[in-house]
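The next block holds one structure in the form of structure tokens; read it before the comments.
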Amino acid sequence: MARVALVTGGSRGIGAAISIALKDAGYTVAANYAGNDEAAAAFTRETGIKTYKWSVADYDACVAGVKQVEADLGPVEVLVNNAGITRDAMFHKMTPQLWKEVIDTNLTGVFNMTHPVWGGMRDRKFGRIITISSINGQKGQAGQANYSAAKAGDIGFTKALAQEGARAGITVNVIAPGYIGTEMVMAIDEKVLNERIIPQIPVGRLGTPAEIGRCVVFLASDDAGFITGSTISANGGQYFS
């Protein structure tokens, strides 16, 4: 029987590419999403991947969502924590609400999703937790104190949890993408993209969502069983840590 993979924020952008890559690799995939019903329905029509709606910022909703996925598809053996939001502002203009929204989704959401699947993974002596952080969680970024803090927190969470899961056959890893050619990034003014962003990337181009998907497929595989607590920096050489 195919292993079940659950991808949060899995119906759009990088998450959609991850969901598709896992399906193509033979996994049974469930894609969580938070709000865009039309995009989720279109994604299911195009890919055949089932979508499930809940907010990762709500612990009880995560517990119920995981329970529904497992009732429909079987035990979740691979969890990809991809869901994330931005609420950018320079710090002197950042409000407590902007801070809270990003932390609740991008950091607490990782706890909210990992906690409900952890016990089952320990019992089965197998699991893969893969969290999508960001280059800005490694180096920081002006205007993103909330986002950078959350994404750095994801890396610390991973390093701690990897030590707890190791003897139970659970690996816990991070992928930290740089600038990826998603719809959001491609909406940036072309001049800004070509004159200010791409010149900072040594390989001279944006990454593709599919390249992040392939990283996830590797970390989810049996071949990656000796890799845990690690961060894969997929950023075209823009930042080394």
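Looking across Q138, Q163, one residue alone is among the polar types (S, T, N, Q) and in contact with a strand residue (DSSP E or B) (Cβ under 6 Å, 6 or more places away or on another chain). It is Q138. Within the range 93-104, one or more residues are touching a Lys or Arg at 6+ places or on another chain (Cβ under 6 Å) and of a type in the set (D, E).
Taken together, the values in this text are just the output of simple stated rules run on the coordinates, not laboratory data. If you're wondering where the values come from, they're calculated on a predicted model, not measured in any experiment. Neighbour counts are summed over all protein chains in view; Cβ atoms, including those assigned to glycine, are modelled from backbone coordinates with ideal geometry.
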